[in-house]
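S.K.: To start, I am sharing the structure in question, which I have written as structure tokens.
The values are calculated or read from the model by the stated rules, or taken from the named source; none is laboratory data. Worth saying up front: this structure is predicted, and the values here are computed from it rather than measured. Note that each Cβ is placed from the backbone with ideal geometry, even for glycine, and that neighbours are counted across all protein chains shown.
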């Protein structure tokens, strides 16, 4: 190796905690759907930073908003008002039909904030006895990595040697409305669920599931919390994935693409009942709702709508899904997806999906394996038909040669 070229991977291994196992590619630049490594090789990004880069890498309008705001005011804390927070509230509430907004930073913080808020609502409004509130979640969920969240994960790797965990959480199968009905008690305050389970391998529930879930939650005065941190903001071909089922959540969680990949921004969107219980001093964040975050989020939402990215996700998602399903390979067990949230599940005997991701890397495509035998494919929503076809040609060749 040229002594003048830094060995980034070795340095990471030397100093960094080994809580990730990335593909051996060192990225240094991105534009639209493309990223380049330090050697100048170009790749089509089919992960989009777990759907944080829906608007494409380094979108110029979001960048301009960030630079402009960064030169004026970045952080005030919520001890003072700033001139970006109110317009952000107004814009996101109008777009999503929400009544109240709680700005945070990471997706996990949004989940934790929602859990706190629905418990408070349960005690103060629903009348659940103090300390007995229950929240129902689904097996194979992924809502983040904080201690509170991993307490209701069913992933052994996420939980092992991190306990003890907090009580008050029930786990039921995903996509099973009968299981939800049987799990609800008078102390149930919320059902927290992903519209599509992303980390589990893009698992789509059966038709009619969320219609029944909405009916059950309404009938039993249970708050329906939809974690749309990955599925929201156009990823599935709708602004929110709930729109595919014609329902409305009581609490919606957004993050990732809320900033277009420029800055950690998340939000809890709610009816008046849940977030209306919070009083000054009961919850907060130094960085949550800061002017830089709000300016970036406003630009990210604006380009998502004005540039037709949501509609493009629907069109290109259908094209990509049909193309993946047309690939004839004995290694493929199932292809599934909605919009540009896609997955190729392999037969177990085909081996670890990571080796297919490494093979795709060699053909100029970056994708991510999950749960051993599944490859997720989720390019930025700005992808074109020609780029979809380019990707399909290389994905097909990879599987046919496996």
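Here's the yes/no breakdown for (1) surrounded by fewer than 16 Cβ atoms within 10 Å (Cβ to Cβ); (2) outside any helix (DSSP H, G or I):
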site: 13; (1), (2): yes, no
site: 24; (1), (2): yes, yes
site: 29; (1), (2): yes, yes
site: 50; (1), (2): no, no
site: 54; (1), (2): no, yes
site: 79; (1), (2): yes, yes
site: 111; (1), (2): no, no
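S.K.: Checking residue 73 against (1) closer than 26 Å to residue 310 by Cβ; (2) in the same structural domain as residue 263 (by TED's automatic domain parsing); (3) surrounded by fewer than 16 Cβ atoms within 10 Å (Cβ to Cβ), which single condition isn't satisfied?
M.R.: Result: residue 73 passes all but (1).
S.K.: When you scan the stretch 174-186, do you find a residue that is assigned by TED's automatic domain parsing to the domain that holds residue 238, assigned to a loop (DSSP other than H, G, I, E, B), in contact with a strand residue (DSSP E or B) (Cβ under 7 Å, 6 or more places away or on another chain) and surrounded by fewer than 16 Cβ atoms within 10 Å (Cβ to Cβ), even just one?
M.R.: Yes, some residue in the stretch 174-186 is assigned by TED's automatic domain parsing to the domain that holds residue 238, assigned to a loop (DSSP other than H, G, I, E, B), in contact with a strand residue (DSSP E or B) (Cβ under 7 Å, 6 or more places away or on another chain) and surrounded by fewer than 16 Cβ atoms within 10 Å (Cβ to Cβ).
S.K.: When you look at residue 24, is it touching a helix residue (DSSP H, G or I) at 6+ places or on another chain (Cβ under 7 Å) and either under 22 Å from residue 266 (Cβ atoms) or assigned by TED's automatic domain parsing to the domain that holds residue 256 (or both), yes or no?
M.R.: Values: touching a helix residue (DSSP H, G or I) at 6+ places or on another chain (Cβ under 7 Å): yes; either under 22 Å from residue 266 (Cβ atoms) or assigned by TED's automatic domain parsing to the domain that holds residue 256 (or both): no.
So residue 24 does not fit the description; no.
S.K.: So, restricting to helices (runs of 4 or more DSSP H) that lie completely within the stretch 263-379, which ones have at least 1 residues that are under 18 Å from the mean Cα position of the chain (by Cα)?
M.R.: Details: elements: 272-275, 291-306, 309-325, 353-362.
Of the helices (runs of 4 or more DSSP H) lying wholly inside the stretch 263-379, those with at least 1 residues that are under 18 Å from the mean Cα position of the chain (by Cα) span 291-306, 309-325.
S.K.: So if I check each of 302, 354, 394, which one is in contact with a helix residue (DSSP H, G or I) (Cβ under 8 Å, 6 or more places away or on another chain), surrounded by fewer than 20 Cβ atoms within 10 Å (Cβ to Cβ), at pLDDT 95 or above and under 24 Å from residue 41 (Cα atoms)?
M.R.: Exactly one residue qualifies, and that residue is 394.
S.K.: I'm told residue 245 meets every condition in (1) within 23 Å of residue 117 (Cα to Cα); (2) in contact with a helix residue (DSSP H, G or I) (Cβ under 6 Å, 6 or more places away or on another chain); (3) free of Cβ contacts under 8 Å to residues at least 60 places away in the same chain except one. Can you identify the failing condition by its number?
M.R.: It fails just one condition, (1).
S.K.: Suppose the filter is assigned to a strand (DSSP E or B), crowded, with 24+ Cβ neighbours inside 10 Å, assigned by TED's automatic domain parsing to the domain that holds residue 132 and at pLDDT 95 or above; does residue 233 pass it? It would help to see each step written out before you state the result.
M.R.: On the way: assigned to a strand (DSSP E or B): no; crowded, with 24+ Cβ neighbours inside 10 Å: yes; assigned by TED's automatic domain parsing to the domain that holds residue 132: yes; at pLDDT 95 or above: yes.
When the stated conditions are applied, residue 233 does not pass them.
S.K.: Turning to a different aspect of this structure: Just checking, which of 85, 44 is surrounded by 19 or more Cβ atoms within 10 Å (Cβ to Cβ) and assigned by TED's automatic domain parsing to the domain that holds residue 233?
M.R.: Values: 44 fails: assigned by TED's automatic domain parsing to the domain that holds residue 233.
Going through 85, 44 in turn, just one is surrounded by 19 or more Cβ atoms within 10 Å (Cβ to Cβ) and assigned by TED's automatic domain parsing to the domain that holds residue 233: 85.
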